[in-house]
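The values are calculated or read from the model by the stated rules, or taken from the named source; none is laboratory data. What you are looking at is a predicted structure, and each value in this text was computed from that prediction instead of being measured. Glycine also receives a Cβ, built like all others from the backbone with ideal geometry; neighbour counts cover every protein chain displayed.
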Amino acid sequence: MPTALITGASSGIGKAFAQVLAARKTNLVLVARSEEKLSQLAKQLEEKHKIQVEVIVKDLTEPNAAAAVFDATKEKGLTIDLLINNAGFGYYGDFAEGDGERQVKIVQLNILALVDLTHKFLPLMRQRRSGSIINVSSITAFQPIPYLSVYAASKAFILSFSEALWAENNQYGVRILVTCPGPIETNFFAEANFPPALASTTDKVYSSEKVVLESLDALEKGYPTVISSDNNTQIRSKLSRLVPRKLLLNMLAKHFKA
């Protein structure tokens, strides 16, 4: 039975990955900060699907957090067949006037922890010539987003990094996928301090489960990238690369300013 490690597994897309994979008889390692939420989810999935679920309580913004997670899997004698780097968060606001510490933590979680965990587990997958990694990016990866500047930039990094790894690792039998969800039904907007008026204008037409199902299907087909969103959002993300940058940035600034 394969084993998947999921970061940010206590809610949202991470939790949906856990539920879908458990139903497919995949053992799980769930990583997040909330011990209560993880333990509750682990118990539920073990009882319902008769799988093994390990819980690692860890704040991935802490120094050496990725090493601690990696060492914990080694101590438990686990082979990670699928790594899902899902943990991440955003912060809405003017960069110069916002919480600087929170902006740095976005980089630490969305980028540094993802890179560190990938570098810990990828060499083992290459040695076995099998394994998969899914990195969760966002539709915001395709253009700069004023007032979500650090978040969007972090997701652009994930997109570029993951697509490069896809090309590097094909020859080793290791599959890499970056999934780019559009607005979905999670608590992202509340946690990111999004103005309610602005959040209400964003169509959240996708569920976390649909993102997961499309991501796993794309991984199976060997795609490097999947955009999980409605057709209009997908088209806008692709057209943004063709619009003159000054015009694009002015349009986005006007749209996202509360």
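Residues in the range 97-107 that are under 14 Å from ILE158 (Cβ atoms) and either polar (S, T, N, Q) or surrounded by 18 or more Cβ atoms within 10 Å (Cβ to Cβ) (or both): ILE106 only. Residue check: THR179 meets all listed conditions (1) over 27 Å from MET251 (Cβ atoms); (2) of a type in the set (Ser, Thr, Tyr); (3) within 12 Å of the chain's Cα centre (by Cα) but one, namely (1). Looking at GLY90, is it within 18 Å of the chain's Cα centre (by Cα), over 21 Å from THR225 (Cα atoms), buried (at least 18 other Cβ atoms within 10 Å of the Cβ) and not hydrophobic (A, V, I, L, M, F, W, C)? So GLY90 fits the description; yes. VAL115 passes all but one of (1) of a type outside the set (Phe, Trp, Tyr); (2) within 18 Å of the chain's Cα centre (by Cα); (3) surrounded by 17 or more Cβ atoms within 10 Å (Cβ to Cβ); which number fails? The number of the failed condition is (3).
Counting only helices (runs of 4 or more DSSP H) that fall entirely inside the range 143-253 and contain at least 3 residues that are farther than 30 Å from ALA23 by Cα and modelled with pLDDT of 95 or more, the qualifying elements are 149-169. In this structure, is LEU45 out of contact with any Lys or Arg (no Cβ under 6 Å at 6 or more places or on another chain), closer than 23 Å to LEU216 by Cβ and touching a residue at least 12 places away in the same chain (Cβ under 8 Å)? So LEU45 passes the test. Answer yes or no as to whether LYS15 is farther than 21 Å from LYS76 by Cα, within 18 Å of the chain's Cα centre (by Cα), charged (D, E, K, R) and in a helix (DSSP H, G or I). Yes.
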